[in-house]
Amino acid sequence: MKKERVGILGGTFNPVHNGHLRAAAAVRKRFSLDRVLFIPSFIPPHKESAGIASPEERLRMVELAIRGRAAFIPSAVEIRAKGKSYSILTLNRIKKIYPRAWTFFILGVDAFLEIETWREWERVLKQCLFIVVTRPGYRLRQARKVLGVAYRRRVRSVSRLEKVREQWFLGTRIFLLSIDAADISSTEIRRRIREGRSITGLVPAVVEGYIHKHGLYQKPSPRKMRSLGFPSNESARKPGHG
Ligand code: ATP
Ligand code: MG
């Protein structure tokens, strides 16, 4: 029987947007993944502030965004764990659920460039495969530079026409996949909302509706800001995914 292929897309998803969906769809197609798990990271409550979505809200938006796409699955593993979201722990949990599958960590280049800050990143790299995708503003080949020489030969650029072969999964650790990425970020979405501008087309309509209905990412009142201990207006600090 063919070994199952499971993609893991982690992030803060604050909020999930069409760039995430497009990347997940492109990777799924090229690598014939059976499923892609969307895993919002836990952000400790004290790091949140007025106008920033709670873990439950971020998970809910992911659920809404991928509803109806059977291969995309929301996962609460990191939110339920309630600690800092370490990729190694997440991976171990996923591997318990899919013990016989090929597992692929899907990341934009921007996120991959921070891999060395992850806890036990080399163990993560040993235990699963990475698929690094284009992110506007970054060059895919920058991904090669962050790794030491030991990994140079473990990186493979996948061209647009090549058929992905299972035998590659034995030698290669990191695939660089050029996709037609959308120039969208959650930061930009939060900023637009604060400024009262439209986010139509940047997130699925159901997510847009949810954001407005719940008043997410609105500019908090100055009083609320002070009560949270923020002297200025940018409060959306976001811990990385490590
Ligand atoms: P923020 O601006 O808050 O950092 P973000 O848009 O970068 O949000 P994240 O939740 O940080 O979204 O990203 C989760 C993962 O999805 C990361 O690996 C990131 O590189 C990738 N990603 C995010 N947006 C895109 C996009 N437009 N195209 C391709 N990959 C993306
Ligand atoms: Mg990001």
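The values are calculated or read from the model by the stated rules, or taken from the named source; none is laboratory data. Here the structure is a predicted model, which is why all the values come from computation and not from measurement. Note: ideal-geometry Cβ built from the backbone for every residue, glycine included; neighbour counts use all protein chains shown. Accessible surface areas use protein heavy atoms only, side chains included; no ligands, DNA or RNA. Shrake-Rupley method; radii C 1.70, N 1.55, O 1.52, S 1.80 Å.
Binning at 10 Å from 0, report for region 9-137 what percent of all alpha-carbon pair distances ends up in each bin.
Cα pair-distance distribution for region 9-137, in percent: 12, 44, 38, 6, 0.
So how strong a dipole does the chain carry about its Cα centre when Lys and Arg Cβ are +1 and Asp and Glu Cβ are -1, to the nearest 20 debye?
I would put it at about 500 debye.
Averaged per residue, what accessible area in Å² does region 5-236 show with a 1.4 Å probe, protein chains only?
I get 50 Å² per residue for this part.
Between VAL36, ALA101, SER178, whose Cα lies farthest towards the positive end of the dipole of the chain when Lys and Arg beta carbons carry +1 and Asp and Glu beta carbons carry -1, centred on the Cα centre?
Farthest along the dipole direction, towards plus: ALA101.
Go through 200-212, 52-64 and give me the packing order, highest mean Cβ count within 10 Å leading.
In descending order of packing, they fall as 52-64, 200-212.
Cross-chain or 8 or more residues apart, Cα under 16 Å: how many lysine pairs in region 5-236 fit that? Count them up, please.
So the count of such lysine pairs works out to 5.
Please list, in chain and number order, the residues 5+ apart from GLY10 or on another chain whose amide H is under 5 Å from its amide H, with Hs placed from the backbone.
Excluding prolines and chain starts, which carry no amide H, the hits are ILE39, ILE106.
Highest first, please rank the peptides 128-136, 190-198, 70-78, 155-163 by the mean number of other Cβ atoms sitting within 10 Å of their residues.
Ranked by mean Cβ neighbours within 10 Å, highest first: 128-136, 70-78, 190-198, 155-163.
Keeping the other protein chains in place, figure out the carbon and sulfur percent of the accessible area of the chain, with a 1.4 Å probe.
Roughly 50 percent of what the probe reaches on the chain is carbon or sulfur.
Just want to confirm a number: the relative contact order over the chain, from Cα pairs under 8 angstrom separated by 6+ residues, in percent.
27 percent
What area, in nm² and to one decimal, does the C-alpha convex hull of the chain cast on average over all directions?
13.5 nm²
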